[in-house]
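The values are calculated or read from the model by the stated rules, or taken from the named source; none is laboratory data. Predicted model only: the values in this text are computed from it and were never measured. Note that each Cβ is placed from the backbone with ideal geometry, even for glycine, and that neighbours are counted across all protein chains shown.
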Amino acid sequence: MDRAGIKDAVKRLELGGRPVDTTTYADLLRHCGNAKALAEGRKIHELVASSGHGEDPFLGNLLVRMYGSCGRLQEALEVFNNLKRRDVFSWNVMLAAYAQNGHLQEAAEVFDRMPLKSSSSWNAMITAYSLVGRVLEARMLFDKMIERTSIISWNTMIAAYIQAGEIQEARALLDRMELKNTASWNTLLAGYAHSGHLQEALTLFAIMNLEARELPDKVTFVTMLDVCGNLKNSAAGEEIDAAVTSSGLWQDVTVGNALVCMHGRCGRMELAEARAIFDAVAASQRGDLVLFSAMMAAYAQSGHSKESLELFGVMALDGIPPTDVTFISVLAACSHAGLAKDARYHFVAMAGDYRIAASLDHYICMVDVLGRSGKVAEAGEFVGVMPFVPDAVPCKTLLEEMNSAVPIIAVGHMGILIIAIYKAKQAFGNKIILSPYRQRDEITTLIDIFLNSKEVEERKLFKRRKEKGECSSNKLHEMKEMAVGQRAAAL
């Protein structure tokens, strides 16, 4: 139930007219917690209290969970303290409320005070430690567990190691498990995939097929199709495609999207297969935005810009509203085809027609399409005026386009990258904030690479311009010194 449905249901309850049972209140509290609908949750709390169900321990536990999900820990604690009878579930939901909101100390205090602990209590505390990177404490708790026969506990500890980036420890723990379920394998497969250990993921999947007592599920297939797509391993992808077909899961829209993405990434020869899957899944899942976006991205990544943009037109005719992700595929298609005019049109329409605010990724796409179209100066100005603190990505994109430009353009605009950063410094303060995955010195390094790679070309061009009387004998040296000085000031 979405937020609007919750509001309508609460209004009907407030109007009254018929008695409401505990099940109705419980379902609505669960929906409020999932949707973080705090206002509606508070109204239900009032209705529960006024209807004579205020001392119901089951509803009291759900109120604690709802307030915890909405980040209202004080209200959750008040309900918890007023419970007439607290069972293990009551303590667990209070512990989870603190843990999921990052209050590790309070979560640990609740854990220590619990008169009786279940495996869920231990798992919740292990997860709480892993979320803040304290995997040693998580492992200590795991080792202290009296009852460790629960597969969920082992899976939780494997996930804790993966969260901390200790993928080898996670693998060692999986190998020690006497009993594994599909979730056990899926947890480590996803860990390998997200950490870039793609070949290891393929190897583990092969072992899973030999040893697992349970068949792969759709989570397994989606993970492995993504791995094959990233590796561009069409042979492994075809094997998993066959397994998906035999399982009947290809009709699931999530798996269908993954199949389309995998075949699209594996090259132009796979596009026909991707389109066949798209058509088959679309026939049973009409109007699925994610499916259309996956096929558009597959076309765009393979250089089939015309087909990608045609599919965007089909979306519009079918009344499927695009998202910000859809427009990234559209702009990427325009970039590959060098359609700067079309890219500008879609970039403006995104906000004007669809009320979608442009993100940093959209601006990067625009820098790319302008650069590929030879409009380096305009691309540089685009970086300088975009309403974001620039990181290294758009600057690197612009740098690549400058390096691909003809020498006369490169000399005329060699300072654009530095000037853009300087303008950004003026707009956003003295510090240029890079993305968390990149080093702060990357922009400096990129500029140095650019200057060095252009030095020979500039000298040759300078010689020609000097012979024509266009440059003084010190002009080249002055240009480079000024650029380096601006770079230092900007950074």
Practice prompt. Considering (1) in a helix (DSSP H, G or I); (2) farther than 20 Å from Leu38 by Cβ; (3) hydrophobic (A, V, I, L, M, F, W, C), say which one Leu116 fails and leave the rest.
Written response: (1)
Practice prompt. Return the total of residues in the stretch 125-156 being at pLDDT 90 or above and part of a loop (DSSP other than H, G, I, E, B).
Written response: 1
Practice prompt. Please work out which one of (1) surrounded by 23 or more Cβ atoms within 10 Å (Cβ to Cβ); (2) within 26 Å of Asp279 (Cβ to Cβ); (3) under 22 Å from the mean Cα position of the chain (by Cα) is the condition Met366 fails and give its number.
Written response: (2)
Item to complete: Would you be able to say whether some residue in the stretch 185-196 is surrounded by 16 or more Cβ atoms within 10 Å (Cβ to Cβ), under 26 Å from Phe111 (Cβ atoms), touching a Ser or Thr at 6+ places or on another chain (Cβ under 6 Å) and of a type in the set (Gly, Ala, Ser)?
Response: no
Worksheet, complete the sentence: Picked from the stretch 275-313 (must be of a type in the set (Ser, Thr, Tyr) and either assigned to a helix (DSSP H, G or I) or surrounded by fewer than 20 Cβ atoms within 10 Å (Cβ to Cβ) (or both)), the residue modelled with the lowest pLDDT is Ser284
Fill in: Only listed residue being of a type in the set (S, T, N, Q), surrounded by 13 or more Cβ atoms within 10 Å (Cβ to Cβ) and out of contact with any Cys (no Cβ under 8 Å at 6 or more places or on another chain), chosen from Thr156, Thr203
Thr156
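State yes or no: is Leu95 modelled with pLDDT of 95 or more, closer than 30 Å to Val135 by Cβ and in a helix (DSSP H, G or I)? If you could, list the steps in order and put the result at the bottom.
Working: modelled with pLDDT of 95 or more: yes; closer than 30 Å to Val135 by Cβ: yes; in a helix (DSSP H, G or I): yes.
For Leu95, the condition - modelled with pLDDT of 95 or more, closer than 30 Å to Val135 by Cβ and in a helix (DSSP H, G or I) - is met.
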Practice prompt. Check whether at least one residue in the stretch 344-357 is at pLDDT 90 or above, assigned to a helix (DSSP H, G or I), crowded, with 20+ Cβ neighbours inside 10 Å and touching an Asp or Glu at 6+ places or on another chain (Cβ under 9 Å), and report yes or no.
Written response: yes
Practice prompt. Please go through the stretch 85-113 and pick out each residue that is under 20 Å from Leu59 (Cα atoms) and more than 26 Å from the chain's Cα centre (by Cα).
Written response: Arg85, Arg86, Asp87, Val88, Phe89, Ser90, Trp91, Asn92, Val93, Met94, Leu95
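If you scan the stretch 320-335, which residues turn out to be surrounded by 19 or more Cβ atoms within 10 Å (Cβ to Cβ), part of a helix (DSSP H, G or I) and of a type outside the set (Val, Ile, Thr)? Full working, then the answer.
To start, the set of residues in the stretch 320-335 that are surrounded by 19 or more Cβ atoms within 10 Å (Cβ to Cβ) comprises 322, 326-335.
Still in the list and also part of a helix (DSSP H, G or I): 326-335.
Phe327, Ser329, Leu331, Ala332, Ala333, Cys334, Ser335, listed by residue number.
Considering Val135, Val222, which residue is touching a residue at least 12 places away in the same chain (Cβ under 8 Å), farther than 30 Å from Gln301 by Cβ and β-branched (Val, Ile, Thr)?
Working: Val222 fails: farther than 30 Å from Gln301 by Cβ.
The unique qualifying residue is Val135.
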Worksheet item: If you check Val227 against the conditions, is it buried (at least 23 other Cβ atoms within 10 Å of the Cβ) and more than 13 Å from Met295 (Cα to Cα)?
Response: yes
Practice prompt. Return a yes/no flag: does the stretch 175-189 have any residue that is basic (Lys, Arg), within 26 Å of Ser284 (Cα to Cα) and in a helix (DSSP H, G or I).
Written response: no
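Restricting attention to the stretch 207-227, which residues are within 17 Å of Thr245 (Cβ to Cβ) and assigned to a helix (DSSP H, G or I)? Step through it out loud before you land on a result.
Of all residues in the stretch 207-227, those within 17 Å of Thr245 (Cβ to Cβ) come to 209, 215-218, 220-222, 224-225.
Once the filter is applied, which keeps residues that are within 17 Å of Thr245 (Cβ to Cβ) and assigned to a helix (DSSP H, G or I), the stretch 207-227 yields Asn209, Lys218, Thr220, Phe221, Val222, Met224, Leu225.
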Fill in: Residues of the stretch 188-203 classified as more than 16 Å from Gly165 (Cβ to Cβ) and out of contact with any helix residue (DSSP H, G or I) (no Cβ under 7 Å at 6 or more places or on another chain), total
2
Worksheet, complete the sentence: The lone condition Phe327 fails out of (1) at pLDDT 90 or above; (2) touching a Leu at 6+ places or on another chain (Cβ under 9 Å); (3) not β-branched (Val, Ile, Thr) is (2)
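Would you point out the residue of the stretch 237-249, among those that are surrounded by fewer than 19 Cβ atoms within 10 Å (Cβ to Cβ) and assigned to a helix (DSSP H, G or I), that is farthest from the chain's Cα centre (by Cα)?
Initial filter on the stretch 237-249 (surrounded by fewer than 19 Cβ atoms within 10 Å (Cβ to Cβ)): 238-239, 242-243, 245-248.
Restricting the remaining residues to those that are assigned to a helix (DSSP H, G or I) gives 238-239, 242-243, 245-247.
Values: Glu238: 26, Glu239: 27, Ala242: 28, Ala243: 27, Thr245: 28, Ser246: 30, Ser247: 28 Å.
Checking each candidate, the answer is Ser246.
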Discussion item. Looking only at the stretch 154-186, count every residue that is under 22 Å from Asn233 (Cβ atoms) and either among the aromatic types (Phe, Trp, Tyr) or under 24 Å from the mean Cα position of the chain (by Cα) (or both) and tell me the total.
Written reply: 3
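Tell me, please, whether a residue that is farther than 19 Å from Ala332 by Cβ and buried (at least 19 other Cβ atoms within 10 Å of the Cβ) can be found in the stretch 260-274. Before you say what the answer is, go through the steps one by one.
Initial filter on the stretch 260-274 (farther than 19 Å from Ala332 by Cβ): 269, 272-273.
Applying the additional criterion that residues be buried (at least 19 other Cβ atoms within 10 Å of the Cβ) yields 273.
The answer is yes, given that some residue of the stretch 260-274 is farther than 19 Å from Ala332 by Cβ and buried (at least 19 other Cβ atoms within 10 Å of the Cβ).
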